Amino acid sequence: MTGGFFMLSIAAYYLLKKVHVEHAKKMFKVAIIFTAVVSLLELASGHSNSQMIAKHQPAKLAAAEAHYDSLSKATLYLFGWVDEKEQKVYGIGIPGMLSFLISGDFNYPVKGLNAFKKDEIPPVNFVFQSYHIMVALGMLMIALSLFGVYLLWKNKIDAYPWFLKILLISFIFPQLANQFGWITAEVGRQPWVVYGLMKTKDAFSPILDAGQVLFSIILFSSIYLLLLALFVFVVVKKVKAGPVELNKN
Amino acid sequence: MELNIIWFILIAVLLTGYVILDGFDLGIGFVSFFAKNDTDKRILLNSIAPVWDGNEVWLLTGGGALFAAFPDVYATIFSGFYMALMLVLAMLIFRATALEFRSKSENPTWRKIFDNLFAISSTIAALLFGVALGNVANGIYLDANKEYVGTFWNLLNPYSLVVGLTGLALIIVHGFNYAFYRTENELQKLLKSKYNIFYYLYFALFVILNLFTIIAKPHLLQNYNSNPVLYLLPLVNLIVILLMYKYHKSNFHLKTFFMSSLSILLNMLTFAIAMFPNFAYSLTDPKLNLTIYNSASSQKTLTVMLIIALIGMPLVITYTIVVYRIFRGKTVLNENSY
């Protein structure tokens, strides 16, 4: 998906600028079919991952959906805001859907956060939000690629400039979804570093002081920011230069 | 043979492989200082282009094997040498970045920055590896829990610096030898005019390091004193180093390169024998030395790892040989070059 949307962004750029149009249409065709297939597959893979998490890291799943009491008909939220004190979610959700997705039965009781020790659950609203942003981005990408396939089928890919403008920035969606997915996975696992076996606070190297760790964080953040800047510079240059004619021998 | 001993040998083999293979491409980093124009710089970069990242995998597998087989050594060294290893890591990233990015723009300033970055980071990385080896041989401050209690500045002691400089000089000579084999004409002539000083430097440091060890570091001589025939190793190494110069003078480039590879191998062997059965000597109390017994994983882990290594190593050795065969001979630039 990352590759597909990257290609779509470049194709959209050429189509909007009306340069390299023939190339851009070919790129669009390949990339949109590819992203449509892969984004739907991603849905299946996400579903099976969630089932695995429900089995192996139940606290993470419960936090991702802010599911407090181990009741049946567990709700799957589309979006919402968690009041951690009152253990309430303000938002829109489908009752029973979480139970159904995990077990195939709307009445299946999903283990809730209150079934865990108070100090063995992650920050709920944080995980809830990052998880839902990831899912929403996934849905957005499915919608974009299906609409793109529809336009391709109708032979109208450059008929809607607003759509091309969304595609122009769409390279960032898989990147963001990826990052929010990581945040969900890593924060959702807390306070464990190895789930159920070792807590993060026990995994520190006892002899390192905070200064050394801060030094390395600053060092590597600077390096990565620098690499990002270089990467953007080189990619923008290449995209602006346009496709290269291949030797036909 | 005991599994602990087998794994000591395997890790020594991986690290030796690393120094021989990545050694010449780190050395090319230093050598590239001397290339004057863009084409010459590119020829040197592209002489290592197909192999440098594969070479670095040997370090990864060495570190990985150490982590799995001797976790206490890994934990102590990697936390204890934290700042130094973060610097090594930064240098390896700079090096890779410079290699990949330098030809992405025609701008001479851009290229100059990356060329210098490549040369400097390669040189610092090469030096720091040697300093790290010097420290585990010289000894480090450990507490009763096998934790490092020294500081960053303790790592910069005279013995470790001599080891570091010797290693750097050897890697530079090794890089030159590789460059002679992969280049021709003016560039080769230019590089040859710079060779002698680094060769003599390595020669001198090699002698100094061995005398320093024999005079001042008796704890490294235990295995040698119980098997005095092992004292022949540094002498054989000396002959290899002399032969290297002879082959160099006769323009046998491949043979010269094999001699520096052999010299690395003999140095690492000398080093491994001086260490065995320890991974790191303790300066606080010899009882706290990190050994192949008090720092090892369970026998079951070592057995499983051995099976994996027996499958993996032949594959790695095979593809390494194949890649080097494909890219043998003089380096030629084409549109796919860096």
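A short reminder: the numbers here are calculations on the coordinates, not readings from a lab. All of these numbers come straight from a predicted model, not from anything done at the bench. In this analysis, Cβ positions are derived from the backbone assuming ideal geometry, glycine residues included, and neighbour counts consider all displayed protein chains.
Using a cutoff of 8 angstrom between alpha carbon atoms and counting only pairs six or more residues apart, the relative contact order for chain B works out to 28 percent.
Only aspartates and glutamates eight or more places from A:LYS199 in sequence, or on another chain, were considered; those with a Cα closer than 20 Å are A:ASP119, A:GLU120, A:GLU186, A:ASP209, B:ASP72.
Per residue of peptide B:84-91, the mean number of Cβ atoms on other chains within 10 Å of the residue Cβ is 2. If a spin label sat at a point 7 angstrom from the Cα of B:VAL316 along the line to its beta carbon, the backbone N atoms of the stretch B:38-72 nearer than 18 Å would be those of B:51-71. Amide H contacts of A:VAL193: A:MET198, A:LYS199, A:THR200, each under 5 Å away and 5 or more positions distant or on a separate chain (H built 1.01 Å from N in the peptide plane; Pro and chain starts excluded). Assuming charge only on the beta carbon of Lys and Arg (+1) and of Asp and Glu (-1), the dipole of the stretch B:3-326 about its Cα centre is about 720 debye to the nearest 20. Overall shape of the stretch B:3-326 was characterised from the C-alpha gyration tensor. The equivalent ellipsoid obtained from it has semi-axes of 33, 22, 20 Å, in decreasing order.
Shape analysis of the protein assembly as shown places it in the oblate category; the axes a ≥ b ≥ c from the Cα gyration tensor give an a/c of at least 1.5, with a/b not above b/c.
Couplings for the stretch A:208-217, taken from phi via the Karplus curve 6.51 cos²θ - 1.76 cosθ + 1.60 with θ = phi - 60°, read 7, 9, 4, x, 5, 5, 4, 4, 5, 5 Hz in order; Gly and Pro are left as x. The stretch B:197-231 and the stretch B:90-124 have Cα centres lying 36 Å from one another.
Mean partner shielding of peptide B:73-83, defined as the number of other chain Cβ atoms within 10 Å of each residue Cβ, is 3. Dipole magnitude for the stretch A:2-241: about 1000 debye, using +1 per Lys or Arg Cβ and -1 per Asp or Glu Cβ, origin at the Cα centre.
Length available on full extension from A:SER205 to A:ALA115: 0.36 nm per residue minus the Cα-Cα distance, which gives 29.3 nm. Using a Gaussian network model of chain B in which every pair of alpha carbons under 10 angstrom is joined by a spring, one finds that among B:VAL131, B:VAL236, B:VAL162 the greatest mean-square fluctuation is at B:VAL236.
Taking each of A:LYS25/A:LYS238; B:LYS104/B:LYS192; A:LYS25/A:LYS154; A:LYS25/A:LYS240 in turn, the alpha-carbon distance tops 22 angstrom for B:LYS104/B:LYS192. Rounded to the nearest Å, what's the spacing between the alpha carbon centres of the stretch A:67-85 and the stretch B:21-84? Just the number, please. Here the answer is 50 Å between Cα centres. Taking springs between alpha-carbon atoms closer than 10 angstrom, which of B:ALA65, B:ALA144, B:ALA84 fluctuates most in the Gaussian network model of chain B? Taking springs between Cα atoms under 10 Å, the residue moving most is B:ALA144. Take every Cα pair under 8 Å whose residues are at least 6 apart in sequence, average their separation, divide by the length of the stretch A:2-241, and the relative contact order is 22 percent. For B:SER297, nonlocal amide neighbours, meaning residues 5 or more places apart or on other chains whose placed amide H falls under 5 Å from its own, are B:PHE70. The lysines within cross-link reach of A:LYS201, meaning a Cα-to-Cα straight distance under 28 Å and a gap of 8 or more places when in the same chain, are A:LYS55, A:LYS60, A:LYS85, A:LYS111, A:LYS117, A:LYS118, B:LYS146. Here B:PHE114, A:PHE173 are placed in order of increasing Cβ neighbour count within 10 Å, fewest first, which gives A:PHE173, B:PHE114. Along the axis of the charge dipole computed for the protein assembly as shown (Cβ charges of +1 for Lys and Arg, -1 for Asp and Glu, origin at the Cα centre), the listed residues B:GLY130, B:LEU26, B:LEU190 are led at the positive end by B:LEU190.
Excluding same-chain neighbours fewer than eight residues apart, the aspartates and glutamates reachable from B:LYS249 by a Cα-Cα span under 16 Å are B:GLU184. Shape verdict for the stretch B:92-143, please, from the Cα gyration tensor: rounded (a/c under 1.5), prolate (a/b greater than b/c) or oblate. Prolate is the answer for the stretch B:92-143, as a/c is 1.5 or above and a/b outweighs b/c. Taking amide H as placed 1.01 Å from N in the peptide plane, B:ILE140 has its amide H under 5 Å from the amide H of B:TYR281, B:SER282, B:LEU283, each at least 5 places away in sequence or on another chain. Taking only the Cα atoms of the stretch A:2-241, the ratio Rg/Rh comes out at 1.06, with Rh defined as the Kirkwood radius. Each peptide in A:223-235, A:116-128 gets a packing score, the mean of other Cβ atoms within 10 Å over its residues, and the list from highest to lowest is A:116-128, A:223-235. In whole Å, how far is the Cα centre of the stretch B:275-305 from that of the stretch A:174-199? Comparing the Cα centres of the stretch B:275-305 and the stretch A:174-199, I get a distance of 34 Å. Mean-square fluctuations from a GNM of chain A, with a 10 angstrom spring cutoff on Cα atoms, peak among A:THR184, A:THR200, A:THR35 at A:THR200.
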